[in-house]
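> Below is one structure. I have some questions about it.
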2 protein chains.
Amino acid sequence: MEQSTSHQTILTNGLILTHPGLSQPEPHGVTIISGNRLEQVNLPKDQAPGAAGEVVDCSNCLIMPGLVNAHTHAAMSILRGVADDLPLDRWLNQYIFPSESRHVARDFVRLGTTLSAVEMALSGVTTFADGYFFMEQAAEATLEVGLRAVIAQGILDVPTPDAATPASWRGRAEEFLSSCSRDSLITPALFCHSPYLCSPETFRAAKELAAKHDALLFSHVAETSWEVAQIQRSYGARPVEHLEQNGILGQDFVAVHCVHLSGREKDVLSNSRTGVVHCPESNMKLASGTAPVMDLLSRDVRVALGTDGPASNNNLDLFEEMRSASFLAKLANNDPEALSACTVIQMATGHGAAVLRMNDRIGSLEAGNLADLILIDLDRPHLTPAYDVVSHLTYSARGSDVRDVMVNGKFVVRQGKVTTVDEEELKSKVREMARKIAVDLNIRTHGVCTTDV
Amino acid sequence: MEQSTSHQTILTNGLILTHPGLSQPEPHGVTIISGNRLEQVNLPKDQAPGAAGEVVDCSNCLIMPGLVNAHTHAAMSILRGVADDLPLDRWLNQYIFPSESRHVARDFVRLGTTLSAVEMALSGVTTFADGYFFMEQAAEATLEVGLRAVIAQGILDVPTPDAATPASWRGRAEEFLSSCSRDSLITPALFCHSPYLCSPETFRAAKELAAKHDALLFSHVAETSWEVAQIQRSYGARPVEHLEQNGILGQDFVAVHCVHLSGREKDVLSNSRTGVVHCPESNMKLASGTAPVMDLLSRDVRVALGTDGPASNNNLDLFEEMRSASFLAKLANNDPEALSACTVIQMATGHGAAVLRMNDRIGSLEAGNLADLILIDLDRPHLTPAYDVVSHLTYSARGSDVRDVMVNGKFVVRQGKVTTVDEEELKSKVREMARKIAVDLNIRTHGVCTTDV
C-alpha cells in the first residue's frame, strides 16, 4: 500500500458527489490521484489521459469527500462503556476522573487513539479534531493509521495526566506545539477544557500561545445549563459573552457544543467568525440540551459535526451523527424541512473543513485539493432503491457502508478492512489494558471469547 | 439450509443474554435447538448431551433473543427516499399518495416486503408487525425470507389500493383474515389507519371482526398535534379517549406512536392494558413530537419499539432505533439515567413480544420457546473494549454487527448474508420497479452502476 508522491491512482465508474452542497451526485468517469493530490476529477472516460497506476473500479459506489469529525477525545475509546446511564457527576467522579488520573499515560493515549482512528477510518472519517493529553502520542497514532487530524493538547486549571500542577500547563503546551511535527496530516492545536475549568487568564495565555504558533484554540462552550449558571455567577456574563470579553473568539477559535446560547451570543459567534462544532448524540445522551443549529446556520455560522469522545456517544460513526443532527433539528424546530440531508452533509464535510481552517485543501473533490475521499457501497438492501443518494447518505446509510477510504492519496481502508495497522493485534492490546482498568475500578469486563470473560 | 422439524443445531461458546432484563450476559456453554424450539439453553459444556446436528461456534459473539420491530409498513421500501425534507402534506399529497394509488399492487407489496424482510433479517429483527395492503403478498414475502410477522391488513374510510370503495374494506378484511395462512410464522391482524381516517363505526366493526378471528387490531394513535386537534373537533375527545369511548382499547389493541397524550390518557392506556409502539426516529424525522415513554413505562404500559415504514425513517435498523429511543428520552426528561440500555433492550425484545401477544413463545431464550435468536459479532473496533455488553448493544452497535440470525430454528442469515433469498436478483427487481415509479413521478433515480443512471 505504500505510495511514493508520484504514485497515481485512477478511480473509474460509479457516482461522484464532488461538492457536498450538490443535491445530486453525477455519473463518474475517471478521477486521477497523483501523489497526495487530486489531479483530475471526473473526466469523461474518453478524455482521460493514459495514466499509469492502480485502477480502482468504483462501480456500485458513490465517491464523495471524506467526512470530518470536528470534535472527539479519541483516546477515551479505552473507557468506552465503562459507565453509562449515570448522572454526569457520578459518571465523572466515580468512573471517568479516577480512571483517567490512574491510567491515562502515553501508552493509553497511543493505543486508544489508534483504536479510534481505525474505527473512524472504517466509517469514512478522513479528518478529525482531537483534544486530550499526551498529544504527541495521539499524533503518532494518527500517522500510523494514516488519517488527517488537528491534534489539540488539553489545558485545565487542575492537575492533568500530563501536567502535574495547574501552573505547569503552559510549559507542557509550549513543549507540545514546538515538538509536535506539523505536516500534511498533523496540525497541532490547543484545547482549553471549558470556561469553568480554565480561568480567563488561562484562556488569554492559551490564545496568545496558539497565535504565536498559528494554531487553533478549542474549548467546550455552553454545553450545559449548569455551566451557564456557573459562569454567570463567576463572571457576570454567559459563557460566549465571557469569552468575547476576554478576546478569545474569532476564526482561530472553535467553540464545541454551544447548546445554551442567548440571541446575542448567536450574533457574537457569527460576527466573530468563530467556528462551532455540534455534537448532537453526546448532547442527547448526557441530557445537555439541544443546540440551536438552525439559528446559527441562518446567521452564517460555520457549524461542523462532531461525535464527541467514544466514552460519551458511544461510537464514532459520523453517519449516525448526521442522521441524529437532522432528526433533532426537525424535532426541535417542529419542522420536517429543517436541516436537510444536503445541509447536514455540508456540515460533515465542508463546514468541518472550514472550522478546522482546511477548506482550501479538503472538504470537496476539486483538482488540486488533497486526495481525501471515501467510497460508499450503494449496493446494499437498506440503500435500495436509490431515488436520492444524498437522502440515503443522511437517512439510510451507516458507517459500515463505507467500502474504501483514501487519505492524502493513500488508501487506509480497502473493501471494509483497514490496511495500515494490524486490527487483531490492536484489539488484543486494548483488551489487555481494559482488563487492568476493570480490575482497578472493580467492574466486570467482557472479553469476546468465553476464555476471556 | 432446509431443516426438518427434528433437525438439531448446537450453539457453543461466546456469551449469552438469555433474558433482556439482565444487566449482564453470561458465558455461554451449549444451547441446543431442536426443530423450531430451544430444547436446552446454556448448559455447562460437560453436561451437554451428545446431540447430532450442526455445531455453530459462537466465539466472539453474543447470543441474544431476536429483535421485534413492532411497527412498520414493509412494502414501502420501494418508496424509500422518494421524497424527504418535506412538510407532511406535500410529502403525502405530491409523492406518497400518488405513488401508492398508481403503483401499489400485489407485485409491489410482494417485492417491497421481501426487500424489507431481508433488510430486517440482516440487522437482527426476527419478528415484525406490518400494516399495509394486499397483505397475503406480505405474508408470502415474509415466509420466503423466513421471518416471523404479524401481518395486518390496512383499513381506511377512503379508497385504498385493495379496496376500491370505502364500503368494501370489510369484505377485504374478512377475506384476508379467512384466507391468510396462520402458522408458526404468520399471524394475521387488522390495521385501522387512524382515528382521523377511520370513523368510530369502522373502528368498532374492525374490532368486532378482529375479535371473531382472535386477531390483534392496530392503529396509529395521537401521532401529531394536528390529529389531536382534529379528533377533539370531530368528537369532543382526545384520540385515546375517543378510542376508549368506542370500546377499542385493550390487550388486543396496539396503539402506534402515542406521542401526544394527556395524563389521563396515559392512565387509560395502562388500565386497559393496551400495547403501545414507540417509533422515535419517525417521530423526529417528521417532527411529530416526543412520546412520553418514561411516563408510560412507569405506569407499567408495555412499550415496544418500531421503525415505522422505510419511507419515513429511512431504514429498518432497530439498533439505531434503540439508541435514538434512549437518547431522546434522556434529552426530553433532562435525565441521563432515563431509558437505560437494559430497558431499551427489553422494549426491543420482551415488550415487543408482549405487545404482539407472543411473549409465551419469543422474546427470551428459555427452553421450550421458539428458537428466534441472533448472534452479535463483538469482535469489532467500535465494540472494543467490552466492559458492558448491554451498554454496547444500545449505545455502540449497529445492525451490521449481526452475524447470524435464526428464526423458528432455521438460520436466515449466516455470516452477514441472507440465506433464504437471492439478494442480487431481489435488488435488481426492486430497481426495475423503482425506475418505473421515478419516470411516472418525473423524478430522477440513481441506479448503482453508471450504466444504470
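The values are calculated or read from the model by the stated rules, or taken from the named source; none is laboratory data. Predicted model only: the values in this text are computed from it and were never measured. Cβ coordinates were reconstructed from backbone atoms using ideal geometry, including for glycine residues, and neighbour counts include every protein chain displayed.
> Sort through B:A74, B:A48, B:A105 and tell me the only one that's away from chain A (no Cβ under 11 Å) and in contact with an Asp or Glu (Cβ under 6 Å, 6 or more places away or on another chain).
Working: B:A48 fails: in contact with an Asp or Glu (Cβ under 6 Å, 6 or more places away or on another chain); B:A105 fails: in contact with an Asp or Glu (Cβ under 6 Å, 6 or more places away or on another chain).
From the options B:A74, B:A48, B:A105, the qualifying one is B:A74.
> Sticking with this structure for a sec: Restricting to the range A:337-352, name every residue that is under 15 Å from A:D300 (Cα atoms) and of a type in the set (A, V, I, L, M).
A:L339, A:V344, A:M347
> While we're looking at this one, here's another question. Condition (residue is more than 22 Å from B:T72 (Cα to Cα), assigned to a helix (DSSP H, G or I), touching a residue at least 24 places away in the same chain (Cβ under 8 Å) and touching a strand residue (DSSP E or B) at 6+ places or on another chain (Cβ under 9 Å)) applied to the range B:210-219: is it met by at least one residue?
For the range B:210-219, residues more than 22 Å from B:T72 (Cα to Cα), assigned to a helix (DSSP H, G or I), touching a residue at least 24 places away in the same chain (Cβ under 8 Å) and touching a strand residue (DSSP E or B) at 6+ places or on another chain (Cβ under 9 Å): present.
> When you go through A:V82, A:V158, A:V56 one by one, which is the residue that is modelled with pLDDT of 95 or more and either among the β-branched types (V, I, T) or in the same structural domain as A:S312 (by TED's automatic domain parsing) (or both)?
Step by step, each of A:V82, A:V158, A:V56 is checked, and only A:V56 is modelled with pLDDT of 95 or more and either among the β-branched types (V, I, T) or in the same structural domain as A:S312 (by TED's automatic domain parsing) (or both).
> Select from the range A:366-390 the residues that are surrounded by fewer than 24 Cβ atoms within 10 Å (Cβ to Cβ) and either under 17 Å from A:G14 (Cα atoms) or more than 14 Å from every other protein chain (Cβ to nearest Cβ) (or both) and list them in ascending order.
Quick first cut of the range A:366-390, residues surrounded by fewer than 24 Cβ atoms within 10 Å (Cβ to Cβ) only: A:366-369, A:377, A:379-381, A:387.
Correct list: A:E366, A:A367, A:G368, A:N369, A:D377, A:D379, A:R380, A:Y387.
> I'd like the full set of residues that are out of contact with any helix residue (DSSP H, G or I) (no Cβ under 7 Å at 6 or more places or on another chain) and in contact (Cβ under 8 Å) with a residue 60 or more places away in the chain, limited to the range A:21-38.
Residues satisfying the conditions are A:L22, A:T31, A:I33, A:S34, A:G35, A:N36, A:R37, A:L38.
> For the range A:81-98, which residues satisfy the criterion of being without any contact (Cβ under 8 Å) to a residue 60 or more places away in the chain and within 7 Å of chain B (Cβ to nearest Cβ)?
Scanning the range A:81-98 gives A:D85, A:L86, A:P87.
> Can I ask one more? Report yes if some residue within the range B:224-232 is at positive phi and surrounded by 15 or more Cβ atoms within 10 Å (Cβ to Cβ); otherwise report no.
Within the range B:224-232 (the criterion being at positive phi and surrounded by 15 or more Cβ atoms within 10 Å (Cβ to Cβ)), the answer is no, since none of the residues qualifies.
> From the residues in the range B:5-17 that are hydroxyl-bearing (S, T, Y) and within 18 Å of B:S59 (Cβ to Cβ), which one is farthest from the other protein chains (Cβ to nearest Cβ)?
In this case the residue turns out to be B:T9.
> Suppose we filter A:V402, A:V412 for residues that are within 14 Å of chain B (Cβ to nearest Cβ), surrounded by 19 or more Cβ atoms within 10 Å (Cβ to Cβ) and within 20 Å of A:H19 (Cα to Cα); which single one remains? Give the steps one after another, and end with the answer.
Values: A:V412 fails: within 20 Å of A:H19 (Cα to Cα).
Exactly one of A:V402, A:V412 is within 14 Å of chain B (Cβ to nearest Cβ), surrounded by 19 or more Cβ atoms within 10 Å (Cβ to Cβ) and within 20 Å of A:H19 (Cα to Cα), namely A:V402.
> Continuing with this model, one more query. Given the options A:E281, A:E241, name the one that is over 21 Å from A:A329 (Cβ atoms), among the acidic types (D, E) and surrounded by 17 or more Cβ atoms within 10 Å (Cβ to Cβ).
When all the criteria are applied, what remains is A:E241.
> Select, from B:A229, B:A237, the only residue that is more than 28 Å from B:E174 (Cα to Cα), assigned to a loop (DSSP other than H, G, I, E, B) and not basic (K, R).
On the way: B:A229 fails: assigned to a loop (DSSP other than H, G, I, E, B).
Result: B:A237 is the single residue among B:A229, B:A237 that is more than 28 Å from B:E174 (Cα to Cα), assigned to a loop (DSSP other than H, G, I, E, B) and not basic (K, R).
> May I pose another question? Looking only at residues that are in contact with a Lys or Arg (Cβ under 8 Å, 6 or more places away or on another chain) and more than 7 Å from every other protein chain (Cβ to nearest Cβ) in the range A:328-343, which one is surrounded by the most Cβ atoms within 10 Å (Cβ to Cβ)?
Step by step, filter the range A:328-343, then rank; the result is A:L339.
> Within the range A:278-320, work out how many residues are of a type in the set (A, V, I, L, M, F, W, C), more than 9 Å from every other protein chain (Cβ to nearest Cβ) and within 13 Å of the chain's Cα centre (by Cα).
The first filter runs over the range A:278-320 and keeps only residues of a type in the set (A, V, I, L, M, F, W, C), leaving A:279, A:284, A:286-287, A:291, A:293-294, A:296-297, A:301, A:303-305, A:311, A:316, A:318-319.
Filter once more, so that each one left must be more than 9 Å from every other protein chain (Cβ to nearest Cβ): A:279, A:291, A:293-294, A:296-297, A:301, A:303-305, A:311, A:318-319.
Checking which are within 13 Å of the chain's Cα centre (by Cα) leaves us with A:279, A:303-305, A:318-319.
Qualifying residue count, the range A:278-320: 6.
> From B:L62, B:L38, B:L22, which residue is part of a strand (DSSP E or B) and within 14 Å of chain A (Cβ to nearest Cβ)?
Working: B:L38 fails: within 14 Å of chain A (Cβ to nearest Cβ); B:L22 fails: part of a strand (DSSP E or B).
On inspection, the qualifying residue turns out to be B:L62.
> Right, here's the next one. Just to check your reading of the model, which residue among B:R398, B:R403, B:R323, B:R361 is more than 19 Å from B:C58 (Cα to Cα), over 15 Å from the mean Cα position of the chain (by Cα), outside the structural domain of B:V276 (by TED's automatic domain parsing) and not aliphatic (A, V, I, L, M)?
B:R361
> Let me confirm something: among A:L185, A:L177, A:L147, which residue is in contact with a His (Cβ under 9 Å, 6 or more places away or on another chain) and over 20 Å from A:L79 (Cα atoms)?
On the way: A:L185 fails: in contact with a His (Cβ under 9 Å, 6 or more places away or on another chain); A:L147 fails: in contact with a His (Cβ under 9 Å, 6 or more places away or on another chain).
Result of the check over A:L185, A:L177, A:L147: A:L177.
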